[in-house]
Amino acid sequence: GMVNVPINDRIAVRIIEQYNKRDGFAKSTLTGAELNAEDVNYIRGSILVRLADSWDLHVSLDNTYSENEGQWLALIGATAAGNTSVGLLSGGTATFSQYVNPTATRLATQTTGPNISQNWGAAATLSGTIGSVNLKSITSFRRMSRSLRNFDQAQTPYTVFQFDNKSRQHQISQELQL
């Protein structure tokens with residue numbers, strides 16, 4: 001939902017919130033994880049202030065949090081090396097080829113997640129006029145944090161292409177327009 005609130009003739013506030021929860025499209029036969037299930041929460045708040053007749057300040061903050069149990073990946077083919085790897089891991093009882101099924105919705109995957117992503121940011125825009133010159137200054141900061149846990153890309157009961165990954169990013173920008 002969204003709420004716009006004029007505080008007075010110079011200040012206005014806006015708040016936006018969205019929540020989305022979705023069941024998975026596929027399921028792991030090994031872990032029970034619902035693959036491609038998603039739980040996302042987004043919120044943004046902003047304030048607009050008319051500082052003077054020709055000057056405005058707009059400040060906004062936002063946050064997105066997302067969590068899922070794993071991605072729905074299906075094998076569309078196998079190589080000789082893949083068949084050899086799964087054969088070695090299974091003690092000679094299985095091959096990669098037997099798990100090839102591009103339309104499968106029940107997969108023998110080790111994926112359990114959770115895969116978590118959190119992004120937040122802040123931005124401020126100051127705009128106005130000095131004489132006959134229009135001026136706009138845009139400053140922003142964004143932070144991203146992501147954690148992929150027990151992410152199995154082989155889609156077999158055997159750990160062939162599984163990894164955990166944590167990543168973080170920070171971005172800062174400043175723009176001046178004349």
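The values are calculated or read from the model by the stated rules, or taken from the named source; none is laboratory data. These numbers come from a predicted model, not from an experiment. Reconstructed Cβ throughout: ideal geometry from the backbone, glycine too, with neighbour counts over all protein chains shown. Just the protein is used for accessible areas: all its heavy atoms, side chains included, with ligands, DNA and RNA removed. Shrake-Rupley method; radii C 1.70, N 1.55, O 1.52, S 1.80 Å.
Computed over Cα pairs, the Kirkwood radius of the chain leads via Stokes-Einstein (0.692 mPa s, 37 °C) to a diffusion coefficient of 164 µm² per second. Relative contact order of the range 61-132, taken over Cα pairs closer than 8 Å and 6 or more residues apart, is 49 percent. Derived scalar couplings between HN and Hα for the range 68-77 equal 8, 8, x, 8, 8, 10, 10, 6, 10, x Hz in order, rounded to whole Hz, by the Karplus curve 6.51 cos²θ - 1.76 cosθ + 1.60 (θ = phi - 60°), x for Gly and Pro.
Starting from the Cα-Cα distance between residue 149 and residue 97, subtract it from 0.36 nm times their residue separation and give me the gain in nm to one decimal. Display every interim value, and only then the final one.
Values: separation 52, 0.36 × 52 = 18.72 nm, distance 2.58 nm.
Full extension from residue 149 to residue 97 adds 16.1 nm.
Counting charges near residue 41 (Lys, Arg +1; Asp, Glu -1) among other residues having Cβ under 15 Å from its Cβ returns a value of -2. Residues within the reach of a label modelled at residue 53 (point 7 angstrom out along Cα to beta-carbon, backbone nitrogen below 18 Å), restricted to the range 103-136, are 127-135. Solvent exposure of the range 15-106 amounts to 60 Å² per residue of accessible area, where only protein heavy atoms count and the probe is 1.4 Å. Once the C-beta distance of residue 178 and residue 76 is scaled by a Förster radius of 41 Å, the resulting FRET efficiency is 0.20 to the nearest 0.05.
For the range 62-118, carbon and sulfur atoms together expose 55% of the accessible surface, with a 1.4 angstrom probe and every protein chain in place. Alpha carbon centre of the range 111-176 versus the range 54-85: separation in Å? Cα centroid of the range 111-176 versus Cα centroid of the range 54-85: 11 Å apart.
A Förster distance of 30 Å, applied to the separation of the beta-carbon atoms of residue 7 and residue 38, puts the FRET efficiency at 0.25. Less than 5 angstrom separates the built amide H of residue 29 from those of 107, 108, 109, all sequence-distant by 5 or more or on a different chain.
Specify the angular offset, from 0 to 90 degrees and rounded to the nearest 10, of the alpha carbon long axis of helix 80-89 from the longest principal axis of the alpha carbons in the chain. With both axes taken from Cα atoms, the answer is about 80 degrees.
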